[in-house]
Amino acid sequence: MALSDAGEPIVILAGGGELPARVAAAAAAAGRPPLILAIEGEASHSVTTHPHHWVKWGELGRLEGLTRDHGARDIVLVGKIVNRPSLKTVRLDALAIRSLPKLIGLFSGGDHSVLSVVIRFIEGRGFRVVGPHEIAGDLVAESGVLTPVRPSDKAAVDRVGAVIADELR
């Protein structure tokens, strides 16, 4: 499932957990030099085993500069965000201030709307957002039964019925 852009650098905007480091390792193994931009207060120190910079909320100009300096056009957003910042606590750089009308959705709405705003903003700046599974295909489960117990034929029929019932609602 990995993108076939071998040799092309990639940036990983890292929240918490171990996934950012796993994606970086997969990118490196595929010949795509990774650069992790680790969000302070969110990203795990496991990212320090790869080329990285620590960035703060609101440093959009720095994020963009580091990405361009790395020669990357692809950005992966991966890792959990526990401490969503408020507009009162974030120190905005010049790019962030100029971009506020486009970013106002970051400070309201649920996770889906926030992520949509982030993706639109990144892509509007000329980058491509790619999913972690496109770089580290082993993050996605194989299709089929993954447990030692297979569903019975009755369970399979019940599942088809449930899908049809959902469609009729």
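Here the Karplus relation 6.51 cos²θ - 1.76 cosθ + 1.60, evaluated at θ = phi - 60°, turns the backbone of the range 8-15 into coupling constants of 7, x, 9, 10, 10, 8, 9, x Hz, with x for every Gly and Pro. Treating each Cα of the range 1-96 as an identical point scatterer and summing with the Debye formula, the log10 of I(q)/I(0) at q = 0.12 Å⁻¹ comes to -0.36. Pairs of C-alpha atoms in the chain farther apart than 29 Å represent 32 percent of all such pairs. Note on surface exposure: 18, 40 rank 18, 40 by accessible area, highest first, 1.4 Å probe. Amide H contacts for residue 50 (H built 1.01 Å from N in the peptide plane; partners 5 or more residues away or on another chain; cut-off under 5 Å): none found. A convex hull fitted to the Cα coordinates of the range 1-56 yields 66 cubic angstrom per residue.
By the helix-only formula, in which each DSSP H run with n ≥ 4 contributes -39500 (n - 2.57) and the sum is divided by residues, the chain has a 222 nm mean residue ellipticity of -11000 deg cm²/dmol. For the pair residue 40 and residue 158, a Förster radius of 45 Å applied to the C-beta separation gives a FRET efficiency near 0.40, rounded to the nearest 0.05. For the chain, DSSP calls about 5 percent of its internal beta bridges antiparallel.
Express the relative contact order of the chain as a whole percentage, based on alpha carbon pairs under 8 Å and six or more residues apart in sequence. Before the final figure, lay out the partial values.
Working: 241 pairs, mean separation 40.8, N = 169.
Computed over the chain, the figure is 24 percent.
Residues whose amide H lies under 5 Å from that of residue 78, counting only those 5 or more places away or on a different chain, are 13, 15; hydrogens are built 1.01 Å from N in the peptide plane.
The values are calculated or read from the model by the stated rules, or taken from the named source; none is laboratory data. Note that the coordinates shown come from a computational prediction; the quantities given were computed from them, not determined experimentally. All Cβ positions, glycine included, derive from the backbone under ideal geometry; neighbour counts span all protein chains shown. Quick note on the areas: whole protein, heavy atoms, side chains included, nothing else; ligands and nucleic acids left out. Shrake-Rupley method; radii C 1.70, N 1.55, O 1.52, S 1.80 Å.
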